[in-house]
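Trainee: One structure follows; several queries about it will come next.
Here, each number is a calculation from the coordinates, and none is a lab measurement. Just so it is clear, the structure is predicted and the values come from calculations on it, not from any experiment. All Cβ positions, glycine included, derive from the backbone under ideal geometry; neighbour counts span all protein chains shown.
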Amino acid sequence: MAYRGLGEFVQALEAAGQLKRVRVPVSPRWEITEIVDRVVKAGGPALLFEQTGTDFPVLIGAYATERRMALALGAQHIEEVADRIQRLFQALTTPKGSLWEKLSLLPKLAEVGSYLPRRYRGRRPPCQAVVWKGKEARLSRLPVLTCWPADGGPFLTLPIVHTYHPETRARNVGMYRIQVLDDYTTAIHWQLHKVSRRHYEAWKARGEKMPVAIVLGGDPVYTYAATAPLPENVDEYILAGFLRRKAVELVPALTQPIEVPADADIVIEGYVDPNEPLVLEGPFGDHTGYYSLPDYYPAFHVTAITCRKDAIYPATIVGIPPQEDAWIGKATERIFLVPLRLTFLPEIHDMELPVEGVFHNLAILSIRKEYPGQGMKAIHTVWGAGQLMFTKIALVVDAEVNLRDYWEVARVLADTVDLRTDIVFSQGPIDVLDHSCSQMGFGGKLGIDGTRKLPGERLLPPLAYPPIDQSQLTLEALQADFPELVEVNLRLVEAGIPVWIGCFRKTLPRHGIELGSRLAQHPAFAGVKGILLLDGEMPIQDLGDVFWRFANNTDMRRDSRLVEDAAGRPHLVLDASTKTQKLDGFARDWPNVIVMSEEMIERVDRRWAEYDIGPFLPSPSRKYRPLVQGEGAVAFYAQPRA
């Protein structure tokens, strides 16, 4: 199903009981964020804020459940879209013997051809019903959100950024956050690995200004397509046409030589001058749950703003998971499984990207294993497969394992993994938003092969780990020998998974690895295979929070050790503590966890009944406030936990 703008999508959401309207005035500065953070984490409806201090309502949370994500893709379930892609690939790749079999492909090829983007044939496109140029094209006309207290300013959070290569004319449609610097200037967060950044470098080599268009809204499929991990030079609007079963119609922008969708809600036209100095962008409360810190990026100059008469401004917030982006990621996980199988990993059966891994920190794969070493082959393939190259931790298990059941995955790993032979440490590209690696964008990786081993794969005789005496692993039992320990989580051990989790008071150089090594050699840990250590003031009883912090705060090569006990049994020590210059020689700033200000929390508490969006929901920020050190985006470490 194709939507002609966000207005039609809002109607569909409302008809499905998936949207609430907020009719009272609400501020785009922090207030919308605090409301939405509560609603999204509770699995609540999409929200349409009708009074934002501008002429535009704000639609947010539109993708924040499996049902709404499917509706955005014109389906009842996300798996329907994945099935369509599988049928298409099967039809196009199955060998055809006879002439009639080959001719049978023609309708399918014609269908694919009908999805290619084309020129709009009407007189005035909807996206140009209202036009502001020059000094009238003010970004303050838009209800741009300032999401979190330490953000560097307002950010467009669902911008569909259009660029093209100056020589090949190949288009890129990508999702890159946009910070508003003033009424006519923004910064564009083009990371080094992104296609638009390569377009920028090509324009820079020519010494020419680079046309750019920022689209907001239109068919919600456009937003999804802009996030999709397509190969370079594959037009995102071909994918969008396939998903909506209708070609995307494009029109020339009014002030720049670039095309935009005719049914977009809002279009911001402008240019980037590669000869200008870069501008400081950030901080920004990011999808990792931590602030991404300031850095220098290209400046974008506005030349026009156009919009529909009934335009709606789309937005999202990111922060401590789960957030709306988790469902966009889930769609990608399902939709791109078949292309991944056909291009990189023919053995892959299923894939899971846990929300705690914030997309790039953790990938769990199941494979149909046929030969020795195939599990390790899959791990290394992941680290070289498109956007999966940023994966920090890759886990591989057999096809019969249910990847959605994390307890089952953990038990399989506990039963099958030999720490001497089945784990691999590596290093390579890491997402630039990752704060744990010593060098931005480059850090350690961990691969774990949890597949059943075939004959010839077991190179060493099996090791026997003794039964665990849980009473010896409690805080009370250990604190005399390890006074820096302040809390213990035995949930995994109690479930038969030999991984012990502890929180400690960090006061010594490389304290996490040092403490973990001592624990591994203590008799009480003889049966424990994994030791995970965190620091900080927040309790560690919520396993989701523990693994979110672990995945964010650990460089898998620098912060991991295999430590043998007196009997020669290896134990994997993982140091997920915060890293500092003083104690760890860590030269980069460490970011703060993202939480809302107490003043805004109290304001939303007081106004909740006015919003008329359902029963009261408490602020998620209060749970995470103990992790915050100082008021800014950079963490300043206070007194250690007593």
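Trainee: For F636 and L508 in the same chain, what is the full-extension length gain: residue separation times 0.36 nm, less their Cα-Cα distance, in nm?
Mentor: Working: separation 128, 0.36 × 128 = 46.08 nm, distance 1.73 nm.
Extending this stretch completely gives an extra 44.3 nm.
Trainee: Which whole-Hz ³J(HN,Hα) couplings does region 364-370 yield from phi under the Karplus relation 6.51 cos²θ - 1.76 cosθ + 1.60, θ = phi - 60°, glycine and proline marked x?
Mentor: Whole-Hz 3J(HN,Hα) from phi for region 364-370: 10, 10, 10, 10, 8, 7, 10.
Trainee: Would you mind getting me the FRET efficiency between E232 and D605? Use the beta-carbon distance for r and R0 = 45 Å, nearest 0.05.
Mentor: Between E232 and D605 the formula returns 0.40.
Trainee: With a cut-off of 8 Å between alpha carbons and a minimum separation of six or more residues, what is the relative contact order of the chain in percent?
Mentor: Once normalised by length, the contact order is 13 percent.
Trainee: Roughly how many whole Å is it from the C-alpha centroid of region 494-510 to that of region 7-54?
Mentor: Value for the Cα centre distance between the two parts: 41 Å.
Trainee: Further question on the same structure: I want to make sure I understand the PRE zone here: with the label point 7 angstrom from the Cα of L88 toward its beta carbon, which residues in region 309-339 have backbone N atoms less than 15 Å away?
Mentor: The answer is 332, 334-339, whose backbone nitrogens lie closer than 15 Å to the label point.
Trainee: Neighbouring Cβ atoms within 10 Å as the yardstick, rank Y291, Y611 fewest first.
Mentor: Y611, Y291
Trainee: Another question, if that's okay. Looking at the square roots a ≥ b ≥ c of the eigenvalues of the Cα gyration tensor of region 418-501, which shape do they give, rounded for a/c under 1.5, prolate if a/b is larger than b/c, or oblate?
Mentor: It comes out oblate by the Cα gyration axes.
Trainee: What order do you get for M596, M351 when you list them from fewest to most C-beta neighbours inside 10 Å?
Mentor: M351, M596
Trainee: To continue, here is another question. If packing is taken as the mean number of other Cβ atoms within 10 Å per residue, what is the order of 6-14, 281-289, highest first?
Mentor: The densest-packed peptide leads the list: 281-289, 6-14.
Trainee: In region 324-380, which GluC sites (Glu not before Pro) are in a loop and have at most 12 other Cβ atoms within 10 Å, using DSSP for the loop call?
Mentor: Sparse-neighbourhood loop GluC sites (Glu not before Pro): E370.
Trainee: Starting from the Cα of H301, step 7 Å along the direction of its Cβ; do the same at Y371; then give the gap between the two resulting points in nm.
Mentor: It works out to 5.8 nm between the two label points.
Trainee: Tell me, W327, W608 in order of fewest to most beta-carbon neighbours within 10 Å?
Mentor: W608, W327
Trainee: Beyond 26 Å between alpha-carbons counts as too far, so tell me which of K194/K623; K20/K246; K194/K392; K330/K377; K41/K330 fall in that bin.
Mentor: K194/K623; K20/K246
Trainee: Of the listed values [x] 56; [y] 61; [z] 49, grab the one calculated as percent of Cα pairs over 33 Å apart from the structure here.
Mentor: [z]
Trainee: Based on alpha-carbon centroids, what's the gap between region 433-489 and region 310-387 in Å, whole number please?
Mentor: 24
Trainee: So what is the calculated 222 nm ellipticity per residue for the chain, using -39500 (n - 2.57) for each DSSP H run with n of 4 or more, over all residues, to the nearest 500 deg cm²/dmol?
Mentor: Using -39500 (n - 2.57) per qualifying helix, the result is -7500 deg cm²/dmol.
Trainee: Only bridges with both residues in region 470-584 count here: give the DSSP antiparallel percent, nearest 5.
Mentor: DSSP beta bridges in region 470-584 are roughly 50 percent antiparallel.
Trainee: Separate question: Regarding region 364-430, what's the average projected area of the Cα-atom convex hull, expressed in nm²?
Mentor: Averaged projected area of region 364-430's Cα convex hull equals 4.9 nm².
Trainee: I'd like the antiparallel share, as a percent to the nearest 5, of DSSP beta bridges with both residues in the chain.
Mentor: Of all bridge pairs located within the chain, approximately 70 percent are antiparallel.
Trainee: What's the extension gain from E201 to L454 if we count 0.36 nm per residue and subtract their Cα-Cα distance?
Mentor: 86.2 nm
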